[in-house]
Structures are given as structure tokens and as C-alpha cells.
1. Kindly provide the set of residues from region 35-79 that are over 20 Å from Leu114 (Cβ atoms), open to solvent by less than 100 Å² (accessible area, probe 1.4 Å) and in a helix (DSSP H, G or I), ordered by number.
2. Of all residues in region 44-78, which are among the small types (Gly, Ala, Ser) and within 13 Å of the chain's Cα centre (by Cα)?
Amino acid sequence: MYARSVRLALAGLACVSALFSQSEPKAVEMAQKLHNQLDQLESRGDLESQQKFFHESVVRMDAFRPMTKGRDKWMALQKSMRTKGQTQVQSTQTTVVSAWQEGGRLYEYGTADLKVKVGEKGAAG
């Protein structure tokens, strides 16, 4: 097993300059607060508490894995990976770059610095 630092972009490939102009300071603060909580839960491996942060119809498109539709399926995948010893998150820190609210929804993008211990077969193994 080995440790690997991973830098992930949590943004879509939309027109970045237009998104920056929409950023709202209160939305950035709210999104950062939520991510700080998620980062702490992830570092502790507390998957059960993370569930409340995801809508039941969430779609996750993690690198090197098929798209997962639905909170229950995504959480089951996360539990399975940890049970099989494929991955262990050692630390994570998310930085919200821009955020805005529209129609009662919070949109945001930023970066996440992860230190992940990956098993011999890799994260997708």
C-alpha cells in the first residue's frame, strides 16, 4: 500500500470567467462551512454522518469508476471500498473557489486536496 496526494478539481468545464462573476460571498461562506464539516467526517471515516449532505438522487462521477446514481448506491460503494481495504482517506481539505445560490440551490466549485492510502489493487480494483 502507498500514500498518494491527489489534487482534484470539483468544477465543471463551463465558462469559468462567467462563473467567477456570479460568486456571492455568503454562498461561498456557506459552501465552505459545509465542506469543512464533510472534510472532518471524511478524515474520520464517518460515512454514516456524511449521508445527510447528499440528496437521495445524487449522481457521483468519481474518477476511474462508473457513474453512481443515488445516495444509497454511492454510500454502499464507499463502504465496500473501505471494507475491502481499497482506500483509506488520511486527510482532506476542500477550498471553495466560487459559489452562488439560485432557485433555492447552492452551486459551488473549488479544489480538494486529498491524501489517500490506496490498496495494492488500486482504488478501482
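1. If the condition is that a residue be over 20 Å from Leu114 (Cβ atoms), open to solvent by less than 100 Å² (accessible area, probe 1.4 Å) and in a helix (DSSP H, G or I), then Arg71, Ala76 are the ones that fit.
2. Taking region 44-78 first, the residues among the small types (Gly, Ala, Ser) are 45, 49, 57, 63, 70, 76.
Across region 44-78, the qualifying residue is only Ala63.
The values are calculated or read from the model by the stated rules, or taken from the named source; none is laboratory data. Predicted, not measured: the structure shown is a model, and the values here were computed from it. Note that we place each Cβ from the backbone using ideal geometry, even for glycine, and neighbour counts take in every protein chain shown. Please note that ligands, DNA and RNA were not included when accessible areas were found on the heavy atoms of the full protein model with its side chains. Shrake-Rupley method; radii C 1.70, N 1.55, O 1.52, S 1.80 Å.
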